[in-house]
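Down below is the structure, laid out as structure tokens.
The values are calculated or read from the model by the stated rules, or taken from the named source; none is laboratory data. The model shown is predicted, which means the values in this text are computed figures rather than measured ones. Because the Cβ atoms are built from the backbone with ideal geometry, glycine has one as well, and the counts that use them run over all protein chains shown. Accessible surface is based on the protein model in full, side chains and every heavy atom, while ligands, DNA and RNA are left aside. Shrake-Rupley method; radii C 1.70, N 1.55, O 1.52, S 1.80 Å.
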Amino acid sequence: MYTLPDLEVLRDFNAIAVLTSGGDSPGMNPAVRGVVRAALNNGIQVYGVQRGYSGLLAGDLRVMTSASVRNIVQRGGTILKSDRCEEFKQKEVRKRAIEVLKSNGIDALVVIGGDGSLTGAHLLAEESDLAIIGLPGTIDNDIFGTEDTIGFDTAVNTALDAIDKIRDTASSHERHFLVEVMGRNSGFLATHVGIAAGAEMVIVPEYEVHIEQLGQQLSESRRTGKGSSGIIVVAEGQEPGLTYRLAQQLKQLGEEPRVCILGHIQRGGRPSGHDRVLASSLGAMSVNYLLAGYSDIMVGIADGAIVDVPLDSVIRYRKGLDPKLFELALLLHK
Ligand code: F6P
């Protein structure tokens with residue numbers, strides 16, 4: 001599926017640790033499996049760190065065998081568990097983490113997570129001589145330097161399953177629904193879901209919403225009979241639940257939309273075939289990059305090929321939503 005780079009083996013490792021961090025995403029398990037199996041195939045010992053950076057600080061490391069990752073490729077969530085670790089922003093705290101890794105004879109770490117987790121990975125690489133590789137694991141697909149992230153495809157499909165069901169009741173009652181999807185400050189999930197669901201409108205944090213215009217559009221489609229029911233996909237933005245406020249504003253304009261917040265359902269479930277292949281490839285390739293002497297990089301996807309991107313640029317730049325894709329989402333329902 002992806003073009004894999006040929007990498008020469010230039011160094012060896014005593015032991016590699018792997019952890020999952022931040023919001024979990026479907027596909028983290030096949031990624032962990034990829035790291036563990038590739039390391040063991042190269043004769044390197046592997047440790048699974050429990051509960052992300054918090055577990056690392058607590059020294060909660062477990063030796064991983066081939067059997068530890070048996071029968072997990074199809075499971076959502078992460079067998080290593082995950083956590084958001086605020087204290088990892090402090091340099092003294094990261095120093096403790098480096099000591100934990102070194103005292104266990106570990107000389108490399110693979111971090112699977114979103115932008116906050118990759119920031120932690122970059123700082124660890126800067127502040128130690130450990131080899132560190134990041135893998136993009138988030139349903140948001142908002143990470144600079146990669147066109148895809150582990151879990152995004154599954155989350156899009158989970159939202160579509162829900163929206164297809166909502167359409168049935170929307171149509172029976174001739175109602176409009178505001179369906180809120182995750183994605184924090186980025187509209188990738190909302191735009192993809194909007195296009196794939198044939199949504200009548202998509203609202204994302206990257207572009208301003210004009211409520212009066214939206215209200216007029218809804219009443220116009222009702223009046224002309226063009227769309228007595230419909231789906232408006234709303235990205236949660238900075239404030240999950242903001243869609244209720246939007247519905248209130250539309251009520252004042254004479255509309256009666258219903259609200260459905262999909263929330264954490266989008267983070268769970270069996271990873272799609274696409275995410276399993278993506279995660280397995282990135283997991284296994286992270287070990288190849290380590291053996292080739294790379295560190296302080298993220299392994300991601302560009303133009304359908306596996307690539308390495310300096311973690312420094314991954315965390316410095318913001319991945320922008322393609323305006324043409326967003327326009328397409330709006331155009332297609334006209
Ligand atoms: O980063 C992934 C994500 O699911 C975002 O889409 C969402 O805003 C956030 O995590 C929710 O985080 P938590 O599970 O900590 O509430």
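Report the extension gain between Leu331 and Glu256 in nm, rounded to one decimal, defined as 0.36 nm multiplied by the number of residues separating them, less their alpha carbon distance.
Here the answer is 24.6 nm.
Where both partners of a DSSP beta bridge lie in the chain, what percent of those bridges are antiparallel, to the nearest 5?
25
As an exercise, use a Förster radius of 25 Å and the Cβ-Cβ distance of Ser103 and Asp12 to find the FRET efficiency, rounded to the nearest 0.05.
0.80
Regarding the chain, what is the average projected area of its C-alpha convex hull, in nm²?
Here the figure is 16.8 nm², rounded to one decimal.
For the chain, what does -39500 (n - 2.57) per DSSP helix run (n ≥ 4), summed and divided by total residues, give at 222 nm, in deg cm²/dmol to the nearest 500? Intermediate values should be presented prior to the final figure.
Numbers: 11 runs with 136 residues, N = 334.
Value at 222 nm, helices only, nearest 500: -12500 deg cm²/dmol.
Can you tell me the accessible area per residue over segment 4-44, all protein chains present, probe 1.4 angstrom, in square angstrom?
Working: 1580 Å² over 41 residues.
Here the residues of segment 4-44 average 39 Å² of exposed surface.
Net charge near Ala125, counting Lys/Arg +1 and Asp/Glu -1 over other residues with Cβ under 11 Å of its Cβ?
Combined, the nearby Lys, Arg, Asp and Glu give -4.
Among Ile132, Ile203, Ile166, which one shows the biggest mean-square fluctuation in a GNM of the chain, springs joining Cα atoms closer than 10 Å?
Taking springs between Cα atoms under 10 Å, the residue moving most is Ile166.
Are any of the pairs Lys81/Lys251; Lys226/Lys324; Lys81/Lys324; Lys91/Lys319; Lys226/Lys251 more than 31 Å apart by Cα-Cα distance, and if so, which? Show your work: numbers first, answer last.
Details: Lys81/Lys251 42 Å; Lys226/Lys324 25 Å; Lys81/Lys324 37 Å; Lys91/Lys319 27 Å; Lys226/Lys251 20 Å.
Table pairs above 31 Å Cα-Cα are Lys81/Lys251; Lys81/Lys324.
Which helices, taking whole DSSP H runs in the chain, have alpha carbons extending 24 angstrom or more along the helix axis plus mean Kyte-Doolittle at least -1.0?
Qualifying helices: 152-173, 273-291.
Give me the net charge of Pro30's neighbourhood, meaning all other residues with Cβ under 15 Å from the Cβ of Pro30; Lys, Arg count +1, Asp, Glu -1.
+2
Heavy atoms only, probe 1.4 Å: what % of the accessible area of segment 153-267 goes to carbon and sulfur, would you let me know?
Looking at segment 153-267 in its full context, I get 47 percent from C and S.
Which whole-number value in Å² is the accessible area per residue of segment 86-172, probe 1.4 Å?
The answer is 38 Å² per residue.
Can you tally the net charge around Lys81? Count Lys and Arg as +1, Asp and Glu as -1, for every other residue whose Cβ sits under 15 Å from the Cβ of Lys81. Kindly include the intermediate steps, with their values, before the conclusion.
On the way: positive: Arg51, Arg62, Arg75, Arg84, Arg267; negative: Asp24, Asp60, Asp83.
Neighbour charge sum, excluding Lys81 itself: +2.
What order do you get for 320-328, 189-197 when each peptide is scored by the mean count of other beta carbon atoms within 10 Å, highest first?
The peptides rank, most packed first, as 189-197, 320-328.
Using the Cα centre as the reference, give the magnitude of the dipole from point charges on the C-beta atoms of segment 153-267 (Lys, Arg: +1; Asp, Glu: -1; all else neutral), rounded to the nearest 20 debye.
Using only the charged Cβ atoms, the result is roughly 220 debye.
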